1. List the residues whose amide H sits under 5 Å from the amide H of residue 115, counting only those 5 or more places along or on another chain, with H placed 1.01 Å from N in the peptide plane.
2. Assuming a ≥ b ≥ c are the square roots of the Cα gyration tensor eigenvalues, decide whether the range 3-118 counts as rounded (a/c under 1.5), prolate (otherwise, with a/b larger than b/c) or oblate.
3. Kindly provide the helix-only [θ] at 222 nm of the chain, computed as the sum of -39,500 (n - 2.57) over DSSP H runs of four or more divided by all residues, to the nearest 500 deg cm²/dmol?
4. Lysines within cross-link reach of residue 245: Cα-Cα under 28 Å, excluding same-chain residues under 8 positions apart?
5. Any chance you could look up the accessible area of residue 1 with a 1.4 Å probe, heavy atoms only, rounded to 10 Å²?
6. What are the equivalent ellipsoid semi-axes of the range 113-175, built from the alpha-carbon gyration tensor (square roots of five times its eigenvalues), in whole angstrom, biggest first?
7. Could you work out which residue, out of 61, 252, 211, moves most in a Gaussian network model of the chain, that is, has the largest mean-square fluctuation with Cα springs under 10 Å?
8. Taking the C-alpha atoms of the range 138-275, how large are the radius of gyration and the largest Cα-Cα span, Dmax, in Å?
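The values are calculated or read from the model by the stated rules, or taken from the named source; none is laboratory data. Source: prediction; values computed, not measured. With ideal geometry, Cβ positions are generated from the backbone for all residues, glycine too; neighbour counts draw on all protein chains shown. Ligands, DNA and RNA are excluded from the accessible area calculation, which covers all protein heavy atoms including side chains. Shrake-Rupley method; radii C 1.70, N 1.55, O 1.52, S 1.80 Å.
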Amino acid sequence: MVVNRLGFGAMRITGERIWGEPEDRPEAVRVLRRLPDVNVNLIDTADSYGPFVSEDLIAEALYPYDGLMIATKGGLVRPGVTDDGWPAVGDPHYLGQCVRMSLRRLKIDRIDLWQLHRIDPKVPRDDQFGAIAEMIDSGLIRHAGLSQVSVDEIIAAGKYFPVATVQNRYNVGDRADEDVLLYCEANGIGFMPWSPIGGGALSTSVCNIDAIAERHRCDPRQVAIAWLLKRSSAMLPIPGTSRVKHLDMNVASVAIDLSDEDIDALSSSHLRSDG
């Protein structure tokens, strides 16, 4: 399946703190309907966003998804807005329910890309991987991926099913999972960095980024996305937003032509001590 280099993360189209309906539902729907117009054909979501709100909005705005890949995740639960925790639940029966309920909400017969949101440390990981393999074999899932995992965990999962994507936190200011990116690049696995602009903090905290943004007459957040696109051929950033103007700004990052000097400066940068 062919997807364009910049995707869309649909976490932010929900309410405050990823709970409930969005503050401006019509605007959230406009954001989703704008995606095909700006050549974004992969949308990443999860059943825990809302919970369920993100998947419902995607179906309302975009079904039957002509030319779009809808990727979703399961295995984390969102107990409530006052609870900052997102517990992992990896019971195989629960994972099967996650997939079937996402199919219902998205109004589809098969999920093109389903990702295990987190490996549950309370459940043998082989049981979780085996459940995913069974859902691929039964035709409920076309491709499967993992989120926030180590190289060792990718290798372990690969004994059960081909790992199509890995979704780990990664941006110009947070490269703790560099080894995972390199493994994905070497093994033909798509790398989907979540928090690709570090929640916006990069604009004030990363050395060199302000000067580079000024030189290119753009926003530092756009520089952060452009750097990711240059960083690796395996990279598929999924910046998200609930506003059309921010979506258009993110998409414009694709056209920013960072020089080799820019790339080197950002790649060797560090977080400012006063950031």
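1. Amide H to amide H, under 5 Å and 5 or more residues apart or across chains, residue 115 pairs with 72, 73, 74, 145.
2. Details: a/c = 1.90, a/b = 1.25, b/c = 1.52.
Cα axes put the range 3-118 in the oblate bin.
3. Values: 11 runs with 106 residues, N = 275.
After summing the helix terms and dividing by residue count, I get -11000 deg cm²/dmol.
4. Within reach: 73, 230.
5. We get 110 Å² for residue 1.
6. Working: eigenvalues 89, 37, 18 Å².
Output for the range 113-175: semi-axes of 21, 14, 9 Å.
7. Ranking 61, 252, 211 by mean-square fluctuation puts 211 first.
8. Just the Cα atoms of the range 138-275 yield Rg and Dmax of 15.9, 53 Å.
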